[in-house]
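Enquirer: Supplied in structure tokens, the structure appears directly below.
Any read-out appearing in this document is the output of simple, stated calculations on the displayed coordinates, not a laboratory observation. Worth saying up front: this structure is predicted, and the values here are computed from it rather than measured. As a convention, Cβ positions derive from the backbone with ideal geometry for all residues, glycine included, and neighbour counts pool all protein chains shown.
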């Protein structure tokens, strides 16, 4: 997993970074909220690990801003703020989990593995779509029964985003913002063509088209 770690305690940051690297994760560390914000506007991550009391922009405000901009990367707060009101504030700002300091590294692993399960994030770049269908992100393939079908990189990213957000309807605008980030986004008809190709490969029942609203991925 590609993980962004925001932690201003240098010793703790180093401990967490070394541990996560040993678990085969790719870690980027930052020490202020503004540094994290700058990176998140230009790079994509699988998971955010955010301290709250950090310089310049605290973790709650950082994540709240990201969610308002529809940047929906899963996020876990790692914080010494342990009152019920703090936890409520954390979840209202858009986090997916909340770990109170001090914590054991094994607990962090358990929480990360749960995020991987919930969002279908796989270290081996293989995402299971159904019993006989897989998305191979690394090789840009949809593996369907005995067939391997090549797809474009952006088709793969669009499909992955729909899978990770299968609990809701995703609009063309949301796809444009999150899949293309700060690249030049294509016109909406191009995105619709990508989805049309994916539906042709997978079957219309996997990507439901809600006219005038967006698309919903139907897990099997």
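Enquirer: What do you get for Rg/Rh of the chain when both radii come from the Cα atoms and Rh is the Kirkwood radius? Don't skip to the answer; put the middle values down first.
Expert: Values: Rg = 18.2 Å, Rh = 18.5 Å.
Ratio of gyration radius to Kirkwood radius: 0.99.
Enquirer: Ok, one more. Fewest Cβ neighbours within 10 Å first, please rank 194, 41 accordingly.
Expert: Fewest-to-most ranking of 194, 41: 41, 194.
Enquirer: Angle check, please: helix 153-164 long axis (alpha carbons) against the longest principal axis of the chain (alpha carbons), in degrees 0 to 90, nearest 10.
Expert: 70 degrees
Enquirer: Rounded to the nearest 0.05, what FRET efficiency do residue 201 and residue 61 have when you use their Cβ-Cβ distance and R0 = 35 Å?
Expert: 0.25
Enquirer: Then there is this: Could you work out which residue, out of 102, 55, 74, moves most in a Gaussian network model of the chain, that is, has the largest mean-square fluctuation with Cα springs under 10 Å?
Expert: Per the Cα network of the chain with a 10 Å cutoff, 102 tops the list.
Enquirer: I want the antiparallel fraction of DSSP beta bridges within the chain, as a percent rounded to 5.
Expert: 50 percent
Enquirer: Turning to a different aspect of this structure: Fewest Cβ neighbours within 10 Å first, please rank 80, 42, 93 accordingly.
Expert: Details: 80 12, 42 9, 93 21.
With the fewest neighbours first, 80, 42, 93 line up as 42, 80, 93.
Enquirer: Arrange 162, 126 by Cβ neighbour counts within 10 Å, fewest through most, would you? Could the numbers behind the result be given before it?
Expert: Details: 162 22, 126 14.
Going from sparsest to densest Cβ surroundings: 126, 162.
Enquirer: Can you give the calculated 222 nm mean residue ellipticity of the chain, where each DSSP H run of n ≥ 4 adds -39,500 (n - 2.57) and the sum is split over every residue, rounded to the nearest 500 deg cm²/dmol?
Expert: One gets -12500 deg cm²/dmol as the mean residue ellipticity at 222 nm.
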